[in-house]
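The structure appears right after this line, and notes come after that.
The values are calculated or read from the model by the stated rules, or taken from the named source; none is laboratory data. If you're wondering where the values come from, they're calculated on a predicted model, not measured in any experiment. Cβ sites come from the backbone with ideal geometry, for glycine too, and all protein chains shown count toward neighbours.
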Amino acid sequence: MREKIEKILNEVRDFNASTKEELDNFRITYLSKKGLVPALFADFKTVAPELRKEIGMQLNELKNIIQQKVEEQLQKFEGQQGDNSAIDMSMPATAMHGGRHPLSIVRRDINAIFEQLGFTIAEGTEVEDDFHVFSALNFPPDHPARDMQDTFFVTKNPDVLLRTHTSSIQVRVMEQGKLPIRIIAPGRVFRNEAISARAHCIFHQIEGLYIDENVSFADLKQVLYHFVQEYFGPDTKIRFRPSYFPFTEPSAEMDISCNICGGKGCNICKHTGWVEILGCGICDPNILISSGIDPEKYTGYAFGMGVERIAMLKYQINDLRLFFENDLRFLQQFEQA
Ligand code: DAH
């Protein structure tokens, strides 16, 4: 026993690991459950009683020496791969491309303009039912927008679907029954459309809704005019064209003077000098009724705009697909965080 201890002592005395692996092997050879030192401890019961005290001390000393060696040498390898002790887990992550996605910038800036006017932000869910996306918004049962071609269905009967517009959030907010209502609701929407430079099956909208006593079309025009002046600059003009939406009466589409050619005519505005940016109108009394709001007492306006369209105008982007490709060469051209 004594010789065995001496032999191991000689082996380990000058051990100097040059890699972490070597040190691991060393520890395993001597200290692991099946290693040489535990084996000696197991043999200890065969030692004659009169020698036990002395051998026991030697054995403990041997174990301490080896343990100390492992601990000392471990420090050399700290920070190397596979060792987490030199990683500062509290360090903040660096932004992937050091900036913000242009759609986030647009949403943030538009939200800010309406928030200054007293609008609050509302949210809804992307998976919705037929009632909130269509029925409550006065879409007749055979309206083409309910067709499979436009809508992605999750289940049929009962109809669960991906919202095709953020107008569903109007219904959700009206249902809560707290009046007056003054919200804007940004969100992602889905339509079964072929992907091209001008269309995508996923895009974003911002919905606005104001319901109170004595709300008129003039209020709607003034708020939208203010928004356009703030967002696109004081030289920007607006115009309204009569339109149709099932949930507003009267309805309109709003154009702004093309901010790319300044109204002179270019490819983006198809040489008209104007580009459409949103739909809007006075809430149809039917939708107030279906949400339990008295249309004799309250009136309201609503509007909905496409975020991609606005981003394309603001930053002169000519292909909608760029927003979804996450190409760093594109993203890095926007605001750095
Ligand atoms: N939801 C309409 C769409 O997806 C946009 C819209 C038009 C929203 C008129 C409105 C509105 O709130 O009043 O095309």
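Looking at this structure, is Cys280 under 24 Å from Glu193 (Cβ atoms), buried (at least 18 other Cβ atoms within 10 Å of the Cβ) and away from the ligand (no atom under 15 Å from the Cβ)? No: the conditions fail for Cys280. Would you check if Arg146 is buried (at least 18 other Cβ atoms within 10 Å of the Cβ) and not aromatic (Phe, Trp, Tyr)? Spelling it out, Arg146 is indeed buried (at least 18 other Cβ atoms within 10 Å of the Cβ) and not aromatic (Phe, Trp, Tyr). Just checking, does the range 323-330 include any residue being within 28 Å of Leu179 (Cβ to Cβ) and assigned to a helix (DSSP H, G or I)? Looking through the range 323-330, none of the residues is within 28 Å of Leu179 (Cβ to Cβ) and assigned to a helix (DSSP H, G or I).
Whenever a residue of the range 110-139 is assigned by TED's automatic domain parsing to the domain that holds Asn157, its partners that are of a type in the set (Asp, Glu) and not in a loop (DSSP other than H, G, I, E, B), lying with C-beta atoms within less than 7 angstrom and at least six residues away or across chains, give the pairs Ile113/Glu230. Might you let me know whether the range 152-161 holds any residue that is crowded, with 20+ Cβ neighbours inside 10 Å and within 11 Å of the ligand (Cβ to nearest atom)? Scanning the range 152-161, I find no residue that is crowded, with 20+ Cβ neighbours inside 10 Å and within 11 Å of the ligand (Cβ to nearest atom), so the answer is no. Of all residues in the range 116-156, those being part of a loop (DSSP other than H, G, I, E, B) and at pLDDT below 90 number 8. The residues on offer are Ile317, Ile277, and the sole one that is within 18 Å of Arg107 (Cα to Cα) and in a loop (DSSP other than H, G, I, E, B) is Ile317. Elements of the type strands (runs of 3 or more DSSP E) sitting completely within the range 194-264 and holding at least 2 residues that are aliphatic (A, V, I, L, M) and in contact (Cβ under 8 Å) with a residue 24 or more places away in the chain: these cover 202-212, 248-257.
Residues in the range 232-258 that are surrounded by 17 or more Cβ atoms within 10 Å (Cβ to Cβ), within 17 Å of Leu220 (Cβ to Cβ) and near the ligand (Cβ under 10 Å from one of its atoms): Phe245, Phe247, Thr248, Ser251, Ala252, Glu253, Met254.
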